[in-house]
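Throughout, read-outs are computed from the coordinates displayed, never taken from laboratory work. Note that the structure is predicted; figures quoted are calculated from it, not measured. Cβ atoms come from the backbone with ideal geometry, glycine included; neighbour counts cover every protein chain shown.
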Amino acid sequence: MTRTDADASSNAFEVLASTPTSIGHLALHFRPGEGALATRFFQLLGARVRVFPNQLSDEPLHIVSIDSAEPDKADNIIYLFAMKPAQVELEAVIAEKLGAGTDVPHPALRTFLEHRAQWPESYLHFGVHFAELAELEGAVSRIRDEMASDPAFAARIQSLQVLKARGKDDDTEIDQRMAESPVFSHADGFAYGKHAVQVHIRTDLFSTGIGIGGSVVELDYVFTGTGRERNPFNSLAP
């Protein structure tokens with residue numbers, strides 16, 4: 001490659017798309033027979049769930065539209081389906097070797113699970129952003145109510161960490177909203193960064209890869225307006 005070619009290649013990485021783009025979809029799988037529990041989680045978030053035949057399984061394919069205001073768009077979609085038999089077999093072997101679900105798990109597995117329980121957002125996870133704080137609060141309240149009324153569902157939620165927002169020292173509006181919130185007035189601490197709330201939910205109802213460790217789902221809302229231009233999703237500066 002000549003110097004000119006290298007320069008052109010480098011410059012290409014600085015070109016931004018001129019039209020809007022988005023993350024189109026995420027594929028998640030649940031353990032066979034647990035589709036109803038897995039889809040209920042997303043219904044409690046306020047998502048639309050539709051069911052379709054699955055050519056690769058006796059269990060249906062679920063299309064979860066996270067943006068229920070515009071559910072037929074080609075983005076903000078989760079494909080939710082049963083784990084394939086080959087992976088079920090593989091995970092059974094892995095679980096046996098690591099002592100997953102026993103009183104004496106492998107030390108490496110125990111360390112991983114303990115650290116992720118303490119710092120869920122520092123491990124692989126996916127986030128759901130809400131345009132209105134009240135919608136996020138409603139989702140959290142519905143999940144808590146479901147956990148209280150259905151032991152089978154509650155057993156699949158390992159933890160629910162609520163972190164409230166903080167603004168600048170003179171941003172009393174955020175402080176007041178947090179104090180009045182039915183969810184964040186009793187938060188576990190502050191969210192990472194400013195002007196945003198975060199709720200981390202650890203669950204093994206579904207996963208994006210190996211299902212033994214389960215998944216982390218993060219629910220977010222960002223306060224906007226003058227003086228709130230920075231948030232954890234556009235700047236990591238202090």
With just the Cα atoms defining each centre, how far is the range 169-238 from the range 99-141? Give it in Å. 14 Å
Evaluate the charge dipole of the chain about its Cα centre and quote only its size in Debye, nearest 20, assuming +1 on the Cβ of each Lys and Arg and -1 on the Cβ of each Asp and Glu. 300 debye
Using only the alpha carbons of the range 76-201, determine the length spanned along each of the three principal axes and report them from longest to shortest in whole angstroms. 55, 29, 29
Spatially proximal aspartates and glutamates relative to K168 (Cα-Cα < 15 Å; intrachain offsets below 8 disregarded): E229
Under a cut-off of 23 Å between alpha-carbon atoms, report the lysines in cross-link reach of K164, not counting same-chain residues fewer than 8 places apart. K194
Please give the contour-minus-distance gain from L56 to S22: 0.36 nm per residue of separation, less the Cα-Cα distance, rounded to one decimal in nm. 9.5 nm
Using 0.36 nm times the number of residues separating T111 and H125, minus their current alpha carbon distance, what extension gain do you get? 3.2 nm
Projected label distance in nm at S149 and R48, using a 7 Å step from Cα toward the beta-carbon: 2.4 nm
Mind checking which lysines have their Cα closer than 26 Å to the Cα of K84? Skip sequence neighbours fewer than 8 apart in that chain. K97
Can you list which of the chymotrypsin sites (Phe, Trp or Tyr not before Pro) found in the range 53-119 are DSSP loop residues with at most 15 other C-beta atoms within 10 Å? none
What is the spin-label model distance, in nm, from D75 to Q158 if the labels are put 7 Å beyond Cα along the C-beta direction? 3.1 nm
So if a site counts as exposed when it's one of the GluC sites (Glu not before Pro), its DSSP state isn't H, G, I, E or B, and it has at most 15 other Cβ atoms within 10 Å, what's the longest stretch of the chain without one? 15-131
Could you give the nm distance between label points at I94 and I212, where each point is 7 Å from its Cα heading toward the beta carbon? 0.7 nm
